[in-house]
Structures are given as structure tokens and as C-alpha cells.
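Colleague: Have a look at this one before I ask anything.
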Amino acid sequence: MSQQGYVAAPPYSQAQPGMGGYQGGFRPGPAQPNYGHYGGGAPQTFQGPQTGGMKSPPPVSTPYSPNNQQNGAHPQRYPGAYGQPPQSPAYDSRATSAPPPPMQLTNQMSAMNMGNYASAPVHQNPPPSATSLQQPFGVPPLSQMPSGPQSAHMQPQSSMPMSGPPMGHPFPGAPPPHPGGSGGFQQPGPGPAGPPGYPQQAAPFGGHMAGPQPGPMGFPAGPPQKKLDLDSIPSTTQVIDDDQAKYGGQVFSTNTRGQVPPLVTTNFTVQDQGNASPRFMRCTTYCLPCTSDLAKQCQVPLACIVKPFASLPKDETPLYLVNHGESGPIRCNRCKAYMCPYMQFIDGGRRYQCCFCNCINEVPVFYFQHLDHMGRRVDFYDKAELSLGSYEMLATLDYCKNNKLPNPPAYVFMIDVSYNNVKSGLVRLICNELKTLLDTLPSEQGADSSPVKVGFITYNKTLHFYNVKSSLSQPQMLVVSDMTEMYVPLSDGFLVNFQESRAIIHNLLTQIPDMFADTNESETVFAPVIQTGVEAFKEAECSGKLFIFHSAMPTAEAPGKLKNRDDKKLINTEKEKTLFQPLKGTYEQLSKDCVAQGCCVDLFLFPNQYVDVATLADVPSHTGGSIFKYNNFQVETDGEHFLQDLRKEVRKDIGFDAIMRVRTSTGFRATDFFGAIHMKNTTDVEMAAVDCDKAVAVEFKHDDALNEETGALIQCALLYTTISGQRRLRILNLSLRCSSNLSELYKSSETDSLINFFAKTSYRAILNQPLKNIREILVNQTAHMLACYRKNCASTSVASQLIMPDAMKVFPVYMNSLMKTAPLTASTELSTDDRAHQRLSVMAMGVEDTQLLLYPRLIPLHDMDVTNEALPAPLRCTEERLADTGIFLLENGHSMFLWLGQSSPPDVIQGLFNVPSLAHLQGNMCVLPDLDSPLSKKVRSIMRDLLEKRPKSMKLQIVRQKDKPEIMFRQFLVEDKGLHGGASYMDFLCHLHREIKHLNI
Ligand SMILES: [Zn+2]
């Protein structure tokens, strides 16, 4: 150890926002540190991550026992990742064509014994423990529905009487299930043709295109005599309301191992007391089964959805930055895990035992500190890395490419100036916007200006570079027409500081629309545009982002040229998957080049027809980029919608050139990763950039038994470059419980995370498997998870009742909604590009976004109190909740509708639109007039608030009941039957119930 006498600067002496109160305890904050006030277990006094509770005293371990070798136990350090030959040459085997997900799904399938038909005897009179639901059909008093966790105290499950008339025809028209599990739940094939000429562009992401009016909801063929009442089946809105009522406005302290956080929809404040905030990490279950046998038995996926740059609300403390100076972060010698609250100091503080691999490490001299009588370091509260679940560490040169500190990143704006984009007014719109938008480039907190450099390129079938050096009087244009080998024709003046070159950039942005005003060029290139960006970053030795505004399929002679391969005949065949697979070759190599350089690609598409999104969006989806799509773009109706997206995208929090590693304690490890990522080997998750909306799902598998005493630990470390060019590590730690009792696992499961994981695994499986198989697997796994609960955990198992764990009681509605999404719906009515777009977008989504996408908010506006600040309570997404006299807002994070009932009161219509009746409204409206009425103000403020919260902007569509475009709206009523096939929620539950009874597990 060096004798330089280096003393780590006390991390908390740095000026950091919101850190004021952190001295010898936790910030008093808005809420009292009401430690352990909720979550399992009895209230306990907070003592930090308890020596006994979170990590039991270290057994003297044999540091190099082979059993300790696990994911994290690789000898190389992070920096090594740059210099190491890839362990697997396969190009991102994760996200393109690798077998893992289907294999996994298939294995799960084969693990099930689907063939046994022995149904449990039907009891007409279930035991008293289930009495709360012994109501005749149709008369289910809401108060008796097991709702919210209060039932967890007594019996953590929900049960519904599912026998009776509907049982005879749970799936009218469907053939009986075949032994072997492949039959039963039938997804209808391609739906009947929709209304011809229906405007396809109106179907944004998230749903189905035009289609037939749905038939009667519920039980279409031969309605049962007695229909199950909607209120008798678990309600998502009720679950959300209950959680909000219980935890809303409270502080969630992360001091308890395996504590299940409130729902993503609940407004709560997080207080970091040793575990990472659920905003950063959310698990499918907070209690892992002790053995792999138990995991196989229940089939509940073990996964964590990590959103490393999640935005924090203003009342939560930003992450502390730990700086150990030249010594760099303190890490375990063996597994390279970073210092964290779970490391166990021993030997008077001279050594510590790694909580991940059990290796005993020396404490570096500069880091030595005495222990108190509890065995805890006396500087426990002074060091973020000893007391918090999440923090940042300043990285040293070892963590930088070529041992050189990185330069700040650059943003390059690349505008397609072919005929369509010029004619639509898009080019002028973008140029005008950039003049002001560039003043809001991201900067470090407190800094006067942004360190991000900017550059500009226009292109059609040639590329035009612009020299915008501040010393020039006019911008200079350089044209490159040879597309075979891309290079940047100017070494100085391409990437500049906006503030310094403001005048000349303004000049350029004014000139561009005029320069191309008379263009007839309709052909474009695409791959060379990205390649140029990579070359520019290489030359400038920086990372950064390309903002590409592109309209058509690249058909000009150049690498990456594409041709139309959209073939509706492939739908519902073995080859349907090829529609989702990107073309290999040029784009595959481009992704690798981009990731190696830290070049993230954001793609803004403005197509009038098929453009092969699967291929064009391949690079963005491997580089942490976002994909936006504006079909048949018109400045008047879509301009503002697009500009809002662009503004968010330019301003958002983001890290560049990132590499993430997930380490775990012994007994289990991270085996698979899903996201807008690139996997160079099996453990390092590479992202050219990662922003506040991107999440990576991590799946875990056992490789040994887990210990109930010690629990399980996950440490996620993200190495990245900040906007000002600083190299940092963001460390997130989470401790989970372990149990041999499956009830604990079910009780600690998290439906929103589960559905995020299922969405990602099934959307990846689309690349390899027929959709029919995937949907069957989803149904079977859902049935299996619930059947295992029924068999092993339920206090009653009356065959006539569908019994579900309380924490999963609305899981089926999400699952059913997932199966009805466009990527999983084989219908020729849907646009191939829209399906590909949704598939890729969901792969990078966080838990909040998939929750909202799969269960939209339906908000009644007609009877709200306009003086009340609060948002009216959302209703269940079903036709049954609509009213002819009502006005409803529906949004799912991607689409927003204002639905007007045909008998809407005239005063409401007057207040919103300033016309006497609905008949006076124009068709295709997408803006609410700016009126002074209290109702108009309130509705517009609700919409503004929602748009503010969502990662992407939403175009408003105003639809009148029974008008043709209403069908667009109805597809989002996810509890009803799907427009292109897919069961109603009620039918799906009946079907699940039947499947569960047939399972013999
Ligand atoms: Zn270790």
C-alpha cells in the first residue's frame, strides 16, 4: 500500500444538491424516518443494513472454493473488458437470433405435465375459508372481494367462483384442449378484413389497426344464461387505488431485506437506507426460492428490471458521488464487486469479507476505520458506499478507453432532405426548432452552458457536411457522394460548441430549407449516414448521439440498401418471424461499430409506406437509442407532437459509452439480459448510451441452493461517461429474501415487473418462434404459476374457484392484454412496421411504461369537479364503463384519445369546443381549442400533466361514439375482446381456470 497518506475526501463534503441533512443519520425530509413502517415483518429500529439482518456474521470461508465461482467471479476488471477478446464472437446473440428465450420457454413447457386431464372434483360448497366469495353470479358485493393487501394478513389470495353456467362454454367455439397442452386457448387467426381504406396512419403504436367492430363483448356465441359480473373479477384500477390509499404520500425506507415496494402507479417517496430505490431496480419477486427445484416447480420467473438512470422526484436525494481519488473504487480482489453496505468488516476493521463471493480482503490503509461494539465501522454514516443502496463512484483512468479521460459527448443532427421531407415542411420545422432547442442541451447541474458539441449533416443519396466553425463568416458545405467508404471530409469545424458558433449555426439552419426547396431527389441512403457519425466520433475521440430524421426506405445504391420485403402471406406461418428479423450484414456490423465508439442512434421516422422498421431500427435498438414513428406526417397535425418528442430526447438525462455488470451472491447468477443493449460476451451488458427511460431486464438462475439466513444479494454496476466527460460508476445494491416456502415467493411477487419480463421474453421469442407457440407458452406458464400456488399455498382448493395469490390477482388481465398486442397478433390488418416498432420499443421499456401500455388509463371527465386538483379516478378499461352521456380520456403512454359519448350534454360540448352540439364538430380533430371555460382549462391541464409525465409525447385523437375512428379507441379497452382475436378478460380467466384444473402438478 502506498504511503502517500492519501485521505479520501469525505464524499459528503462535496457540494451536492439535497445533501444537507445527511449527517449522522438520514435526512429529516418531508416524512419522518418511520423506519420499517411497512413491508413484511414487525417494525424494527433502523440500524442501517443490519449486521445480523442483511448479512449474517461471516462464516470463515474458504475463499477459493470452486462453489464460490459465479457470475461475478471473473478475474478481469471492468477496464479489461475493453482490451479483452470477446468471449463469444456472436453478434448480440441476445437480441437477434439466439435460442435462449425460446429454449427457456420451451424448457418450461416441457417441465410441465400438461397431459393429465384428471379434474378435481367439483365442490358446490367450498369450505368456510372462502366464504367471502360464495355469492351467486352477478351479485358480488364489492366489499367482499378480496382487495388489497389487507387480505394478505389472513389469506393472501383471491378466489373467484368460476363454476356455473359459463364453465360449460368458457371459450365458445373453441375446441376442447388436446392432451399435451397445445390446444384449448385458441387465438383466432387473421381477423376478417377491416373497413377498406381505413386510415392506417391513425393507428399509432400500441395497438391494432383498423378492424371489424367487435361483436358483443364477453361471450359472443350463445351468451350464458348467467354472466359473471365484471365486479366479481379482480380489478386493476381497484388494486391501484388500494395501493395508493395505503402507501400514497408515504416514505418507503429501503432498510428491510426483501421488502416489496409499493406499485409503480403509487406516489411515494423513497428513502435509501441500504437497498437501491425501486425506481432503479424492481424484481419479479422479492423472495427467491431456495432451490432450483422449487423455482422450476412454480415457474415464476426470477428477474430484476434495472433502470439505472431513472429520474428521481424532486423530494428524493440525488445519488452521492464517492471519490477515492487515485486509488479508485474499492473492490473485492476476487469477484470485483464494489464496496457496499453488505461487506462485512472483521479483524478490527483491517479486513472485510466479500458479501458476494466470501473472499476475505485487506482493507486498504487509506480506507481503514475502527469498528464499533456492533462490529460496524464508526464512519458508517459518513460514507455513502457503506450505508446506501445506490451511489456513484468516480472512476480512474483504468476505467477509461486507452487509459485516457474521455471527451464530452457530441450530438449530430442528420436531416434527410429528400423530396418528401422538404415538401411536407419537416425540414423547415426541424431547422427552426434547433435554433432554440440547442440552448437547452443537457449540462451538469449548476453549469452555465452545455459541454456537448454539435454537428450537422443533411443527406439524400449524397451526404452534405457543414463546417460551422465560429471564425467563419458563412457555413461551408462539403458534399460526399462516394458511399463505399465513409469519412468526414473536414477535421475541424464539424463538431463545435453551440454557444461559440451560435451565429453561424443560425445562419446554416436558416439556409438549409431554402437550399433544398426545389429538390426532386427522392432516393436516400441510410447506413452510410450512421457510419459517418461513427467516423466523426472516432476522429473527435468522443461518444455521443446521432439524431436521424428519416422518411423512406433507403433505395439508393449504397451499403445497407433495402427493398420491400413486407409480405402479408407470411402472417400466421412459420416464416412470420422473418418480418421481425432485421437484415443481417451491413446493419449488424454498424451496431458493433456504434457500440464500440459509444455512438447512440435515435431514429425519427416519417414514413408514408413500408420502410422496413425491423432493419432501420436495428442499430437504435442495440445502442440504447429511441425509435419514433410518425406515419403520413403533416406539420399541422403532427408537428407539435414530433417537436415535443424531439425536445424531450435532446434534454433528457443520459450516460454514454456504458457497460453494466450484474453480480450476485453465491447460489444464483444473472443468465440473460433484455433491452436496447449489445452483449459482447455473456456477462457484460454494453450500451452506447443509457437514458432515464431505458431499462434492462435481467434474468437469474440458480446454480446452487440459497440460504434463508443470509438471503440473496444483487449488485448492478454501470460504468459510463457523463455529459461533461467524467467517467463514473453507478452502483445499485439490492438484498432479497430466500425461502423454501413457495407461499413466501408468491406473497413477495410483483405483477408489474412480472409482466414487463414476460413482455420482453415473448417479444424476443418472436424472432425465433411462431406466434401461436409463444401465446400458448404464455398461457401455459400463467396457468402453471397459478396451479402451483393453488396446490402448494392456497388454504382452500375448491375446484370451482379460481384461486390466485393476492400479489398476482390482476396478473391475468395484463397477460391477456399482452397477448392481444400487435406484435403477438397475427393479423394481416396490422402494419408490419408498426408491429416491429412496438416490439423494439417494449424491449427497452421500464416497468411503469409496460404497466401503462398494457392497462391504459380511462379517465371520466364529464362529472369531475373542475375545482379539484386531483385527477378523477380511472375506470376499468371496458365498454361497460363507458356512458353515452360521458366524456372520457384514455391514454397508454403512446396514444391519447378523447372519447365523446353520443349524448354528451350540450353544456359540456360547449365548454370544451365552443360549439352547440357534437354534430358541429369537425372530423379528425386532434387539438382542444384554447377556451376560457373552467372545464376546458381543467381538461387541458390534465392532458398537459399526463404528457409531462410520459417518456414520449402522445398525439390526441378526438373520437365521437359510433363514428368510424372510434374503433381505434376501442382496441385499448383491454378487458374486452380483441379486435383481431384475443379473449376478453372474463373469457381468459375462465380459460385459465380450466387449464389450471387440467394441470397435474
Ligand atoms: Zn467478492
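The values are calculated or read from the model by the stated rules, or taken from the named source; none is laboratory data. Remember, it's a predicted structure, so these values are computed and weren't measured experimentally. Cβ sites come from the backbone with ideal geometry, for glycine too, and all protein chains shown count toward neighbours. The protein model used for the area step is the full one, side chains on, heavy atoms only, and it has no ligands, DNA or RNA in it. Shrake-Rupley method; radii C 1.70, N 1.55, O 1.52, S 1.80 Å.
Colleague: Could you give the nm distance between label points at Ser917 and Glu444, where each point is 7 Å from its Cα heading toward the beta carbon?
Modeller: Between Ser917 and Glu444, the simple spin-label model gives 6.5 nm.
Colleague: Quick one: give the max-minus-min coordinate of the C-alpha atoms of the range 763-804 along each principal axis, largest first, in Å.
Modeller: Computed over the range 763-804, the largest-to-smallest principal extents equal 41, 17, 11 Å.
Colleague: Show me the trypsin sites (Lys or Arg not before Pro) within the range 905-1001 that DSSP assigns to loop and that have at most 11 other Cβ atoms within 10 Å of their Cβ.
Modeller: Taking the range 905-1001 and a limit of 11 other Cβ atoms within 10 Å, the loop trypsin sites (Lys or Arg not before Pro) found are Lys962.
Colleague: Could I ask something else about it? Could you order Val264, Val529 by accessible surface area, starting with the largest, using a probe radius of 1.4 Å? Provide the component values of the computation, followed by the final result.
Modeller: Working: Val264 30, Val529 0 Å².
Of Val264, Val529, the descending order of accessible area is Val264, Val529.
Colleague: Can you give the accessible area of Leu889 in Å² (nearest 10), computed on protein heavy atoms with a 1.4 Å probe?
Modeller: 0
Colleague: For the range 220-333, what % of the accessible area comes from carbon and sulfur atoms, probe 1.4 Å?
Modeller: After summing per-atom areas, the C and S share lands at 49 percent.
Colleague: Can you give me the % of accessible surface on the range 787-848 that is carbon or sulfur? Probe 1.4 Å, all protein chains present, nothing else counted.
Modeller: Carbon and sulfur: 44 percent of the exposed surface of the range 787-848.
Colleague: Grab the Cα-Cα distance for Asp930 and Asp514, subtract it from 0.36 nm times how many residues apart they are, and report the gain in nm with one decimal.
Modeller: 146.5 nm
Colleague: Quick one: if you stick a label point 7 Å off each Cα along the C-beta vector at Ser903 and Leu478, how many nm between them?
Modeller: 7.1
Colleague: By how many nm would the segment from Glu636 to Glu966 lengthen if fully extended, with 0.36 nm per residue of separation less the alpha-carbon distance?
Modeller: Taking 0.36 nm per residue and subtracting the Cα distance, the gain is 116.6 nm.
Colleague: I've got another one for you. State in Å² the accessible area per residue of the range 719-808; use a 1.4 Å probe, count heavy atoms of protein chains only, and round to the nearest integer.
Modeller: Heavy-atom accessible area per residue stands at 18 Å².
Colleague: With every protein chain in place, what's the accessible area of Lys336 (1.4 Å probe, Å², nearest 10)?
Modeller: Result for Lys336: roughly 30 Å² accessible.
Colleague: List the GluC sites (Glu not before Pro) within the range 780-879 that DSSP assigns to loop and that have no more than 16 neighbouring Cβ atoms inside 10 Å.
Modeller: Here the sparse-neighbourhood loop sites are Glu869.
Colleague: Right, next: Stretch Asp293-Gln369 to full length: gain in nm at 0.36 nm per residue minus the Cα-Cα span?
Modeller: 23.1 nm is the gain from fully extending Asp293 to Gln369.
Colleague: Dividing the convex hull volume of the alpha carbon atoms of the range 684-744 by its residue count, what do you get in Å³ per residue?
Modeller: So the per-residue Cα hull volume is 125 Å³.
Colleague: How much accessible surface does Phe913 have with a 1.4 Å probe, in Å² rounded to 10?
Modeller: Probe radius 1.4 Å; accessible area of Phe913 about 10 Å².
Colleague: Which listed residue (Ala697, Thr623, Ser724) has the Cα farthest towards the positive end of the charge dipole for the range 586-730, taking +1 on Lys and Arg C-beta and -1 on Asp and Glu C-beta about the Cα centre?
Modeller: Toward the positive end, the furthest listed residue is Ser724.
Colleague: Could you check how much of the accessible area of the range 914-968 is carbon and sulfur, as a whole percent, using a 1.4 Å probe?
Modeller: Roughly 51 percent, rounded to a whole number.
Colleague: Kindly state, to the nearest 0.05, the FRET efficiency for Asn868 paired with Lys538, given R0 = 56 Å and r defined as their beta-carbon distance.
Modeller: The formula returns an efficiency of 0.50 here.
Colleague: Mind checking the dipole of the range 590-692: about its Cα centre, +1 per Lys or Arg Cβ, -1 per Asp or Glu Cβ, Debye to the nearest 20?
Modeller: My answer is approximately 460 debye.
Colleague: Rounded if a/c is under 1.5, else prolate if a/b is larger than b/c, else oblate: which is the range 891-965, with a ≥ b ≥ c the root eigenvalues of its Cα gyration tensor?
Modeller: It comes out oblate by the Cα gyration axes.
Colleague: Evaluate Rg over Rh across the range 919-1001, taking Cα atoms for both radii and Kirkwood's formula for Rh. Could the numbers behind the result be given before it?
Modeller: Numbers: Rg = 19.4 Å, Rh = 16.5 Å.
That ratio is 1.18, to two decimals.
Colleague: For the range 250-355, what does the accessible surface come to per residue with a 1.4 Å probe? Please give it in Å².
Modeller: 26
Colleague: If the cut-off is a Cα-Cα distance under 18 Å, which lysines reach Lys538, setting aside same-chain residues fewer than 8 apart in sequence?
Modeller: Those lysines meeting the cut-off are Lys401, Lys404, Lys453, Lys592.
Colleague: Here's a follow-up. Can you give me the accessible area per residue for the range 482-568, using a 1.4 Å probe, in Å²?
Modeller: 42
Colleague: Something else: Which value in Å is the Kirkwood Rh of the range 814-915 over different Cα pairs? Walk me through the numbers on the way to the answer.
Modeller: Numbers: mean 1/r = 0.0637 Å⁻¹.
Computed over Cα pairs of the range 814-915, the Kirkwood hydrodynamic radius comes out at 15.7 Å.
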